[in-house]
Protein chains: 2
Amino acid sequence: MAGATVVGVGMTEFGVHGKTLPELFADAAFPALDDAGVEQDELDAFYFGNAMSGLSENDTHLAPKVATHIGMTDVPFQRFEDACATSANAFKNAVQAVGAGVHDTVLVGGVERCTPETGMETPEMTRVFASASHRQYEQPSGLTFPGVFALLTKRHMHEYGTTEEQLAEVAVKNHYHGNMNDRAHFGGDKTVEEVLDGPVVADPFRLMDCCPFSDGASAVVVTSDGLGDSFGAEGVDVTGVGHGVDAVPLADKDSLPETKSARDGAHEAYDDADVTPGDVDFAEIHDCFTGAEVLATEALGFFEDGEGGPAAAEGKTRLGGEVPVNPSGGLKAKGHPIGATGTAQITELTEQIRGEVGERQVEDARTGVAHNLGGDSGTTVITVMEERA
Amino acid sequence: MAGATVVGVGMTEFGVHGKTLPELFADAAFPALDDAGVEQDELDAFYFGNAMSGLSENDTHLAPKVATHIGMTDVPFQRFEDACATSANAFKNAVQAVGAGVHDTVLVGGVERCTPETGMETPEMTRVFASASHRQYEQPSGLTFPGVFALLTKRHMHEYGTTEEQLAEVAVKNHYHGNMNDRAHFGGDKTVEEVLDGPVVADPFRLMDCCPFSDGASAVVVTSDGLGDSFGAEGVDVTGVGHGVDAVPLADKDSLPETKSARDGAHEAYDDADVTPGDVDFAEIHDCFTGAEVLATEALGFFEDGEGGPAAAEGKTRLGGEVPVNPSGGLKAKGHPIGATGTAQITELTEQIRGEVGERQVEDARTGVAHNLGGDSGTTVITVMEERA
């Protein structure tokens with residue numbers, strides 16, 4: 001058992017922000033500290049995530065800059081970068097640290113700006129994101145991330161008969177959920193027909209199969225299990241963490257649609273938490289593309305291989321369904337400020353299990369899972385959180 | 001006490017390399033594994049450091065790419081970035097993890113290419129490095145790192161009367177040491193006159209006061225203290241780690257020449273190891289500029305404030321002196337492939353304490369200190385290593 005408890009969470013709206021990265025992060029960090037009722041001098045360390053600001057904003061060594069802005073220049077800080085799994089990996093390292101007694105209580109979070117507020121338009125930002133694909137074997141071919149996940153998904157369609165309509169159902173569901181989340185980048189009632197009518201980005205993905213580029217920040221306060229009742233807010237336990245990995249580039253993976261890293265990470269996290277997929281009440285999944293959500297619902301054991309598409313079409317992953325997936329709206333509708341996504345998922349798990357999210361509340365949400373993948377799934381961090389005993 | 005032991009070390013020559021980052025890292029990692037006599041399936045995790053490859057080579061999510069190249073896609077990996085303190089911070093996190101029982105035995109290392117082999121000439125690479133200075137308050141003024149350390153050093157000269165001749169003595173010493181290190185980027189016998197005759201880069205620094213841009217990699221195998229005798233090579237104990245921090249930008253620091261982060265980090269590391277500065281037999285210091293070494297010898301407590309310059313001029317930091325500093329040649333002569341520098345210092349400490357370094361051997365080297373700073377000293381990681389009891 002991981003032995004850690006989340007006692008405070010905060011996040012900005014995901015969308016378009018004109019603020020600097022330190023300012024934006026502060027808008028998540030201070031609410032997280034307030035939520036926990038923790039003073040800064042009670043924090044022992046800062047685990048910080050940012051993926052791309054070197055490339056996108058000529059900004060590295062960002063941890064001390066952000067720490068200075070929020071007045072935390074008296075604790076050790078480190079920046080993590082693991083592509084889109086950046087802040088989940090920072091969180092995993094923080095959970096291990098408090099679980100093992102290295103620190104008592106720490107701040108974890110991430111920030112990223114990906115919109116034209118950075119000065120980069122979408123084509124240039126797409127090239128920035130593509131830095132996570134293989135430099136020698138993939139980038140020279142022009143492979144960017146819609147193409148990466150199109151390759152995974154096309155193979156899934158080939159093996160199992162997954163359809164574009166089923167993928168579209170994922171987009172429709174996540175927009176439906178996002179519509180109930182006032183921090184989401186996009187809401188709106190979409191239909192399958194609208195999704196299928198969109199322009200092709202990378203076959204089989206159309207525009208609405210792809211998550212947006214967003215700006216945003218998220219932060220959580222994590223303490224050891226033993227201190228979980230020492231703060232103002234209701235703590236939610238982190239009972240399992242798993243970190244699965246796989247070869248990069250794609251050509252070195254044994255299987256594309258299997259997403260081995262998600263399976264290995266889930267196995268490790270479930271074992272750690274002593275739960276089975278059937279115990280999971282809801283999940284936040286890394287749906288950078290609709291196909292990624294379908295693959296992940298299988299890798300996490302919610303459905304048999306090949307059943308992820310039909311399950312989405314049958315509403316099993318919708319609020320009120322068998323296992324609601326991405327009640328927050330997911331990356332698809334909530335948005336995807338890369339380095340902020342991992343701890344934003346932890347924020348949603350925490351608030352769902354506390355019962356604080358209003359109309360998008362999952363009924364009897366006691367056990368939630370977060371699935372945050374990096375790059376082409378070379379890294380996947382899985383977190384199991386449960387109502388505090 | 002940190003409770004960790006280094007059981008294997010490896011590094012490439014620092015200099016100019018045409019290899020890709022994964023290939024270059026392999027040239028450090030495999031020697032480290034061979035040195036330890038460890039099989040890859042005995043490793044539990046990979047702590048990886050790289051500072052700038054997003055900006056310099058459009059290459060992020062580098063941990064799985066490097067792990068794939070060395071055949072380590074079955075353990076969790078994470079990339080750290082803390083500017084020039086990148087791999088020392090990865091090392092600190094690894095030491096904490098094995099010390100606390102999170103992992104048994106891990107690989108830690110870093111790689112970077114900074115020469116025109118990246119496709120970037122020196123002016124462009126200088127801009128890349130400047131991404132670590134403050135994005136809003138310093139970069140717009142054109143402040144690059146020679147200027148940052150010139151500001152720190154000028155203040156030291158003002159307060160204490162430190163002279164350009166004393167700074168030049170640091171360069172001369174480190175080239176003298178580097179001459180005995182066949183992995184050093186530069187050797188050569190330099191004279192104070194030659195240094196003072198060089199072109200000004202940023203007053204008071206002339207060309208020979210500045211470390212070079214280098215390509216290179218380094219790697220170490222770290223295990224828990226309890227397992228320190230289980231491997232092939234002689235283990236060297238990590239008895240103290242300290243991680244000091246300070247505000248960024250410069251204008252927010254209480255003092256420039258004091259380098260608070262180094263003092264705080266040293267205090268923490270010495271306490272952890274239960275040693276005093278007087279117990280230290282030698283040190284590897286982050287001499288990105290000659291002035292940085294002078295400031296660090298004071299911050300580490302080897303000399304009183306203001307005495308660092310005279311001490312260098314009197315030969316106290318030379319091999320055979322009171323406390324030899326940078327027997328490897330330091331960043332100045334050995335070279336500075338940013339993300340590789342921290343674990344290269346650990347490599348030198350290990351090999352010195354084992355007595356393996358030939359003519360640059362520090363006599364009776366039983367206790368060594370590594371000082372690796374990031375950015376404008378917003379981050380400084382201090383490590384104390386000692387002969388295994």
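Of note:
- Each DSSP beta bridge with both residues in segment A:248-389 is either parallel or antiparallel, and the antiparallel ones are about 60%.
- For segment B:272-343, the percent of C-alpha pairs falling in each 10 Å distance bin, counted from 0 to the bin holding the largest distance, reads 20, 54, 25, 1.
- With the gyration tensor restricted to C-alpha atoms of segment B:172-241, the semi-axes of the equivalent ellipsoid amount to 37, 14, 12 Å, longest first.
- Against chain B, whose longest principal axis comes from its Cα atoms, helix B:86-99 is set at around 40 degrees.
- Within a Gaussian network of chain B (alpha carbon springs, distance under 10 Å), most fluctuating of B:G368, B:G335, B:G37: B:G37
- Förster-model FRET efficiency, 51 Å R0, A:H267 and B:D189, C-beta, rounded to 0.05: 0.30
- In chain A, the calculated helix contribution to ellipticity at 222 nm averages -10500 deg cm²/dmol per residue, counting -39,500 (n - 2.57) for every DSSP H run with n ≥ 4.
- Between helix B:164-178 and chain B: long-axis angle, C-alpha atoms, 0 to 90°, nearest 10: 30
- Only alpha carbons enter this Debye calculation for the protein assembly as shown, each as an equal point scatterer, and the log10 of I(q)/I(0) it gives at q = 0.09 Å⁻¹ is -0.75.
- Other copies of B:M1: label-to-label distances in nm, shortest first, labels 7 Å along the beta-carbon direction: 3.2
- Structure remark: mean-square fluctuation, Gaussian network model of chain B, C-alpha springs under 10 Å; the largest value among B:P324, B:P123, B:P310 belongs to B:P123.
- A point 7 Å from Cα along Cα→Cβ stands in for B:G101, and the other copies hold the same point at 0.7 nm, listed in rising order.
- Note on B:248-259: average number of Cβ atoms from other chains within 10 Å of each residue's Cβ is 2.
- Per the Debye formula on identical point scatterers at the alpha carbon atoms of segment B:161-279, with no solvent, log10 I(q)/I(0) at q = 0.10, 0.22, 0.23 Å⁻¹ is -0.54, -1.17, -1.17.
- Gaussian network model of chain B, Cα within-10 Å springs - most flexible of B:N179, B:N89, B:N58: B:N58
- Seen against the Cα atoms of chain A and their longest principal axis, helix A:338-354 is set at about 70 degrees.
- Calculated diffusion of chain B, Stokes-Einstein form, Kirkwood radius summed over Cα pairs, 10 °C and 1.306 mPa s, µm²/s: 79
- Quarter of Cα convex hull surface for segment B:133-220, i.e. mean projection, nm²: 7.8
- Along each principal axis, taking the top coordinate minus the bottom one, the Cα set of segment B:223-279 gives 49, 25, 15 Å in descending order.
- Enclosing the Cα atoms of segment A:233-389 in their convex hull gives a volume equal to 102 cubic angstrom per residue.
- Across segment A:25-155, the mean sequence separation of Cα contacts (distance under 8 Å, 6 or more residues apart), normalised by length, yields a relative contact order of 27 percent.
- Within the same chain, lysines fewer than 8 places from A:K92 are excluded, and of the rest, those with a Cα less than 17 Å from its Cα are B:K92.
- Of all aspartates and glutamates in the structure, those lying under 18 Å Cα to Cα from B:K190, and not within fewer than 8 positions of it along the same chain, are B:E164, B:E165, B:E169, B:D182, B:D209, B:D287, B:E293, B:E314.
- Of all DSSP beta bridges in the protein assembly as shown, antiparallel share, percent nearest 5: 75
- Averaging the sequence gap over all C-alpha pairs within less than 8 Å and six or more residues apart, then dividing by the number of residues, gives chain B a relative contact order of 27 percent.
- Mean separation of Cα contacts under 8 Å, 6 or more apart, over the residue count of segment B:321-389: relative contact order %: 26
- Sorted from nearest, the other copies put their B:D254 label points 5.6 nm away, the label point being 7 Å from Cα in the direction of Cβ.
- Inter-chain Cβ neighbour count for A:83-92, averaged per residue, equals 2 (cutoff 10 Å, partner chain atoms only).
- For segment A:1-48, the Kirkwood hydrodynamic radius from C-alpha pairs, put into Stokes-Einstein at 25 °C and a viscosity of 0.890 mPa s, yields a diffusion coefficient of 201 µm² per second.
- Beta bridges per DSSP with both ends in chain A, % antiparallel, nearest 5: 70
- Evaluated at q = 0.13, 0.17, 0.22 Å⁻¹: base-10 log I(q)/I(0), Debye formula over Cα of segment A:1-122: -0.49, -0.84, -1.37
FYI, it's all coordinate maths here, none of it is from the lab. As the structure is a prediction and not an experimental result, all values here were calculated from the model. For neighbour counting, all protein chains shown are included, and Cβ atoms are generated from backbone atoms with ideal geometry for every residue, glycine included.
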